[in-house]
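The values are calculated or read from the model by the stated rules, or taken from the named source; none is laboratory data. Just so we're clear, the structure is a prediction, and the values are computed from it rather than from any experiment. Don't worry about glycine lacking a Cβ; one is built from the backbone with ideal geometry, like all the others, and counts go over all protein chains shown.
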Amino acid sequence: MGQFRALLSASYGRHYLAQTIQADGSHAGPLIQVSTPGKRHVGAVGDRLILEETGPDQARIIEIEKRKNLLYRSDAFKSKSIAANVDQILVVLATAPAFSPDLLGRAVIAAELDQIELRIILNKCDLRGQLSTARQLLLPYQKMGYPVHEVSAKFDLQSIEKLKPFLKGKVSVLVGQSGMGKSTLLNTWVPNAAALTQDYSMKLDSGKHTTTACRYFDLPEWGRDPGGHLGGLIDSPGFQEFGLAHLSESQLQHAFREFKPLLGQCRFHNCRHDSEPGCVIRAAVHSGEIAAERLALFKQLLSDSKTADVQIQGISPSKERWSTSPKPPYKQ
C-alpha cells in the first residue's frame with residue numbers, strides 16, 4: 001500500500017489508532033495501529049496523517065499535515081492534547097451533579113483564543129429543582145453571546161434532535177466533567193459508538209487505555225452539510241481541570257470576549273486590572289457590565305501562568321513561551 005492519508009481516530013499516550021481517509025471525507029476500513037518515532041508524543045485525535053504501511057493494519061507516521069488548530073490544556077509541568085482541527089467545542093454541563101464554573105470559563109477562553117465556535121449544552125434539565133441555579137451560573141455567558149442549549153438526554157429525545165443542524169459538516173469535540181452525560185449524547189447521535197469503542201478497546205490492548213482515550217466518530221449520513229462534508233464527534237475523557245498555564249498575559253487579555261472593547265482604555269498601559277487606579281475593567285465589574293467571576297478567573301489564570309514561568313528555567317515571567325496557534329507538521 002505504501003504511503004496513504006489517514007485520520008488519527010484514537011489516542012492514549014503514545015498509542016495511536018488511525019483510519020484511512022476516503023474520497024468523500026469519511027473514514028473507513030480497519031483500525032490501523034500507528035507507531036511514532038522514539039518516545040515523542042506528536043499526534044492528536046483529529047490530525048490528518050501521511051502514513052507508511054509497516055505490516056498488516058500497522059503503519060508509521062511520515063508526516064502530520066498542517067493543523068487548523070490544536071486544543072490542549074496545560075499546567076506548570078506538562079501539557080495534554082485534546083483534539084486537532086476542531087470546528088466547535090461542545091461543553092457539556094448538567095444541573096446535577098453540579099458543574100464547575102471554573103472549568104467552563106477556561107474552556108471558553110481556550111475556544112476564544114483559537115477562534116473555535118463554542119456551544120454550551122446544559123443537560124438533565126428535567127431536574128427542575130437545580131435548573132434555576134444552573135441558569136444563573138450560565139447567564140454571564142449568554143450575555144456574551146455564547147449559545148446555551150437546554151436538553152434532557154435521557155427523557156427528551158427531541159431536545160437532542162434539535163441540536164443536529166449545528167453538528168452537520170463540523171468536527172465537534174465534547175468537553176466536560178465526568179457524570180455530565182457526554183456518553184448519552186454521543187450514543188444518541190452516533191448509534192454505533194459503543195461498538196466502535198469496543199473495537200478501539202481491543203486494538204488498545206483489551207480496553208485498559210480507553211477510560212482516558214480521546215476518540216473520533218464519524219456522524220451518520222444526517223451529519224453531512226449541503227456541501228457534502230461529513231461531520232464528526234471527538235469524545236474526550238471527563239476531567240475536572242482545564243489548565244491554561246501556557247497562555248501569556250497578552251493572550252489572556254484578548255481571550256476574554258467582554259474585555260476586548262475596553263482594552264487600552266485603562267490609565268496605565270500595563271494595567272493588570274488588580275488594584276491600579278483608573279482601571280476600566282474593574283469599573284465595568286462594579287457597574288455590572290462584566291461579571292465579577294470573570295475578572296476573578298482572569299486573575300487566577302494570570303497567577304497560573306506566572307507559576308508556570310518559575311518552573312521553566314531560563315524563561316522570563318514576561319516572555320511568551322508557547323503558542324496555541326496551529327503547530328507545524330511533524331516530518332521524520
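Within region 274-285, residues that are in the same structural domain as residue 262 (by TED's automatic domain parsing) have Cβ atoms under 7 Å from residues that are surrounded by fewer than 19 Cβ atoms within 10 Å (Cβ to Cβ) and part of a helix (DSSP H, G or I) in these pairs: 274/299; 280/262; 281/262; 284/262; 285/292, counting only partners at least 6 apart in sequence or on another chain. Scanning region 109-161 for residues that are under 26 Å from residue 69 (Cβ atoms), hydrophobic (A, V, I, L, M, F, W, C) and in a helix (DSSP H, G or I) yields 109, 110, 111, 113, 138. With respect to the conditions (1) buried (at least 17 other Cβ atoms within 10 Å of the Cβ); (2) over 22 Å from the mean Cα position of the chain (by Cα); (3) more than 25 Å from residue 93 (Cβ to Cβ), residue 285 falls short on a single one, namely (3). Filtered by the rule that a residue be free of Cβ contacts under 8 Å to residues at least 60 places away in the same chain, surrounded by fewer than 17 Cβ atoms within 10 Å (Cβ to Cβ) and over 16 Å from residue 245 (Cα atoms), region 70-115 gives 96, 98, 115.
Note on region 70-108: residues that are under 13 Å from residue 239 (Cβ atoms), among the polar types (S, T, N, Q) and assigned to a loop (DSSP other than H, G, I, E, B) total 1. State yes or no: is residue 242 within 20 Å of residue 113 (Cβ to Cβ) and modelled with pLDDT of 90 or more? It is false that residue 242 is within 20 Å of residue 113 (Cβ to Cβ) and modelled with pLDDT of 90 or more. Scanning region 39-73 for residues that are among the charged types (D, E, K, R) and more than 11 Å from residue 16 (Cβ to Cβ) returns 39, 40, 48, 52, 53, 57, 63, 65, 66, 67, 68, 73. From the list 86, 91, the one residue that fits, being assigned by TED's automatic domain parsing to the domain that holds residue 216, within 11 Å of the chain's Cα centre (by Cα) and closer than 21 Å to residue 9 by Cβ, is 86. For region 255-281, name all the residues that are part of a helix (DSSP H, G or I) and out of contact with any Leu (no Cβ under 7 Å at 6 or more places or on another chain). Residues satisfying the conditions are 260, 261, 262.
Looking only at residues of region 288-324 that are part of a loop (DSSP other than H, G, I, E, B) and modelled with pLDDT of 50 or more, we find that the one that is surrounded by the most Cβ atoms within 10 Å (Cβ to Cβ) is 290.
Pairs meeting the criteria (first residue in region 214-240 and in a loop (DSSP other than H, G, I, E, B), second residue modelled with pLDDT of 95 or more and among the hydroxyl-bearing types (Ser, Thr, Tyr), beta carbons under 6 Å, at least 6 apart or on different chains) are lacking. Among residues of region 22-37 that are on the phi < 0 side of the Ramachandran plot and in the same structural domain as residue 50 (by TED's automatic domain parsing), those with a Cβ under 6 angstrom from a residue that is in a loop (DSSP other than H, G, I, E, B) and surrounded by 12 or more Cβ atoms within 10 Å (Cβ to Cβ), sequence gap 6+ or separate chain, pair up as 28/22; 30/57; 32/57; 36/14; 36/42.
The set of residues in region 162-199 that are out of contact with any strand residue (DSSP E or B) (no Cβ under 9 Å at 6 or more places or on another chain) and either under 21 Å from residue 238 (Cβ atoms) or not in a loop (DSSP other than H, G, I, E, B) (or both) comprises 164, 165, 178, 187, 188, 194, 195, 198.
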